[in-house]
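Enquirer: Sharing a structure with you now.
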Amino acid sequence: MSNPGRRNTVYLLAAVLWYALANYLSGRHFLPGCSFAELRPQVCLPIFMGIYFGPLFGFVTGALGDSLGYLMAGTNPLPIWHWALANGLMGGIAGLARYFHARRVTTLKGMQTVYLLLLLSTSLPFLFSSGVEVLLGHVPPGKGFSFLFLPIFITDAMFAIILMPLCMLAARLLVMTIPTGIFLMTTYLTSVVVLCTFAGSMITVWGRQALSAIAARDLYMLGMMALLVIIVGFAVAAYFVRRITHPILELTAAADSIAQGQYEGIPQLNDLKERSDELGRLASAFKVMLSMVRKREETLKAEVRQLHIEIDSAHQKQEVSKIVGSDYFKALKSRADQLRIKEHE
């Protein structure tokens, strides 16, 4: 096995052990009204392994790490295989991000893809495992949705949405361009405002003992509403970020074309100059500067061509002068004059 292969295997084993230990520790305290779901910020580990190394690494980290966590707690993981599978699918689905964009996320579309996969990876696998619990008769359908799927999905999705962009930044998988930077700032502000409003409302209405006073089912329904508000906020933020940054990116593309000497056929400027805002005035100024730069370049090229002609002419005269002034040419000319005199005699 090559050195990179051995290094990746070491990373995988370390991630599995860390995920197992984190699941063991978090499994000691469950969420209100739940006997299985707990707060798990460590869900970012299999998700990150999937995004960084690929779906297989994410799947192995989630599935094997979850099974080892059960063994650490003294629980046989075989009867609850579907939960280990769900943890593996969480990392595997997130790892599909590698197939939708380049390794490093630099665009708004790439950020939207990452967030969509985060939501899918924290919802679909656990919807499946909760459904298996219902099919096996371990919980009734209503309880399986309200006290298994909802708390797991809400908490895991919140942790993934908040922590994963930071992990990607630290690993240089996310590049802070204008679109990604504005989108991240907007999404974080949206998340903080919604979560603070949610917590403040519970404390205001139900007092400091809110978690014990409010019914667990209502708590998770409110949490689901808060998550939906955040998701809608992300969609709205993406829409406005695109409208704000698209003209800037178009101007950047036009500037790149001008830098490469392409002065004709720049449709970005023609479209943008019709705008009535500052960007429209900037595009119009670009058009004026483009025309001036093109004229100056054409004038400069004409002057350079004329200079080449003058230099060539001067060089030719200099060479002729050297030939005429040489002793050999003088002797040859004298010999030619003597031959002409003899012909006339």
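Enquirer: Please go through the range 72-107 and give me each residue that is aliphatic (A, V, I, L, M), more than 15 Å from GLY50 (Cα to Cα) and in contact (Cβ under 8 Å) with a residue 12 or more places away in the chain, ordered by number.
Expert: Initial filter on the range 72-107 (aliphatic (A, V, I, L, M)): 72-73, 78, 80, 84-86, 89-90, 93-94, 96-97, 102, 105.
Checking the rest, the ones that are also more than 15 Å from GLY50 (Cα to Cα) come to 72-73, 78, 80, 84.
Matches in the range 72-107: MET72, ALA73, ALA84.
Enquirer: Can you tell me which of THR197, THR187, THR177 is of a type outside the set (A, V, I, L, M), at pLDDT below 90 and buried (at least 19 other Cβ atoms within 10 Å of the Cβ)?
Expert: On the way: THR197 fails: buried (at least 19 other Cβ atoms within 10 Å of the Cβ); THR177 fails: buried (at least 19 other Cβ atoms within 10 Å of the Cβ).
Being of a type outside the set (A, V, I, L, M), at pLDDT below 90 and buried (at least 19 other Cβ atoms within 10 Å of the Cβ) holds for just one of THR197, THR187, THR177, which is THR187.
Enquirer: For the range 138-180, which residues satisfy the criterion of being under 18 Å from the mean Cα position of the chain (by Cα), within 22 Å of GLY91 (Cα to Cα), not in a loop (DSSP other than H, G, I, E, B) and not hydrophobic (A, V, I, L, M, F, W, C)?
Expert: PRO165
Enquirer: Among the residues of the range 32-62, write down those that are closer than 16 Å to ARG98 by Cβ and of a type in the set (A, V, I, L, M).
Expert: ILE47, MET49, ILE51, LEU56, VAL60
Enquirer: Among the residues of the range 18-38, which ones are at pLDDT 85 or above, aromatic (Phe, Trp, Tyr) and out of contact with any helix residue (DSSP H, G or I) (no Cβ under 8 Å at 6 or more places or on another chain)?
Expert: None - no residue of the range 18-38 is at pLDDT 85 or above, aromatic (Phe, Trp, Tyr) and out of contact with any helix residue (DSSP H, G or I) (no Cβ under 8 Å at 6 or more places or on another chain), so the list stays empty.
Enquirer: A further question on this structure: With the requirement that a residue be in contact (Cβ under 8 Å) with a residue 24 or more places away in the chain and not polar (S, T, N, Q), what does the range 241-254 give you?
Expert: To start, the set of residues in the range 241-254 that are in contact (Cβ under 8 Å) with a residue 24 or more places away in the chain comprises 241-242, 244-245, 247-249, 251, 254.
Matches in the range 241-254: VAL241, ARG242, ILE244, PRO247, ILE248, LEU249, LEU251, ALA254.
Enquirer: Something else: Given the structure, is ALA73 in the same structural domain as LEU169 (by TED's automatic domain parsing) and closer than 24 Å to ASN8 by Cβ?
Expert: Values: in the same structural domain as LEU169 (by TED's automatic domain parsing): yes; closer than 24 Å to ASN8 by Cβ: no.
Criteria not met by ALA73.
Enquirer: Kindly establish whether GLY54 is under 30 Å from PRO179 (Cβ atoms) and of a type outside the set (Lys, Arg).
Expert: Details: under 30 Å from PRO179 (Cβ atoms): yes; of a type outside the set (Lys, Arg): yes.
When the stated conditions are applied, GLY54 passes them.
Enquirer: For the range 290-301: of the residues being of a type outside the set (D, E, K, R) and under 16 Å from GLN260 (Cβ atoms), which is surrounded by the most Cβ atoms within 10 Å (Cβ to Cβ)? Outline the logic, then answer.
Expert: So the first thing to find is which residues in the range 290-301 are of a type outside the set (D, E, K, R), and the list is 290-293, 299-300.
Then drop every residue that is not under 16 Å from GLN260 (Cβ atoms), which leaves 290, 293.
On the way: LEU290: 18, VAL293: 13.
So the residue we want is LEU290.
Enquirer: Within the range 1-31, how many residues turn out to be assigned to a helix (DSSP H, G or I), in contact with a Ser or Thr (Cβ under 9 Å, 6 or more places away or on another chain) and within 20 Å of ILE154 (Cα to Cα)?
Expert: Total meeting the criteria: 1.
Enquirer: For the range 105-163, give me each residue that is closer than 30 Å to ILE248 by Cβ and of a type outside the set (A, V, I, L, M). Walk me through how you get there before you give the answer.
Expert: Initially, the range 105-163 is screened for residues closer than 30 Å to ILE248 by Cβ, giving 105-119, 160-163.
THR106, THR107, LYS109, GLY110, GLN112, THR113, TYR115, listed by residue number.
Enquirer: Oh, and also: With the requirement that a residue be closer than 18 Å to CYS34 by Cα and outside any loop (DSSP other than H, G, I, E, B), what does the range 100-127 give you?
Expert: Once the filter is applied, which keeps residues that are closer than 18 Å to CYS34 by Cα and outside any loop (DSSP other than H, G, I, E, B), the range 100-127 yields PHE126, LEU127.
Enquirer: Within the group ASP312, ASP271, which residue is farther than 30 Å from THR177 by Cβ and at pLDDT below 70? Don't jump to the end; show me each part of the working.
Expert: On the way: ASP271 fails: farther than 30 Å from THR177 by Cβ.
After ruling out the rest, the residue left standing is ASP312.
Enquirer: When you go through VAL60, VAL10 one by one, which is the residue that is surrounded by 21 or more Cβ atoms within 10 Å (Cβ to Cβ), of a type in the set (A, V, I, L, M) and out of contact with any Pro (no Cβ under 6 Å at 6 or more places or on another chain)?
Expert: Values: VAL10 fails: surrounded by 21 or more Cβ atoms within 10 Å (Cβ to Cβ).
Matching residue, one of VAL60, VAL10: VAL60.
Enquirer: Another one. Name the one entry in VAL60, VAL105 that is farther than 28 Å from THR180 by Cβ and of a type in the set (Val, Ile, Thr). If you could, list the steps in order and put the result at the bottom.
Expert: On the way: VAL105 fails: farther than 28 Å from THR180 by Cβ.
Only one candidate passes the filter, namely VAL60.
Enquirer: Given the criteria free of Cβ contacts under 8 Å to residues at least 60 places away in the same chain and buried (at least 21 other Cβ atoms within 10 Å of the Cβ), does PHE149 qualify? Break it down stepwise before answering.
Expert: Values: free of Cβ contacts under 8 Å to residues at least 60 places away in the same chain: yes; buried (at least 21 other Cβ atoms within 10 Å of the Cβ): yes.
Against the criterion (free of Cβ contacts under 8 Å to residues at least 60 places away in the same chain and buried (at least 21 other Cβ atoms within 10 Å of the Cβ)), PHE149 qualifies.
The values are calculated or read from the model by the stated rules, or taken from the named source; none is laboratory data. Given the structure is predicted, the values throughout are model-derived calculations rather than measurements. Reconstructed Cβ throughout: ideal geometry from the backbone, glycine too, with neighbour counts over all protein chains shown.
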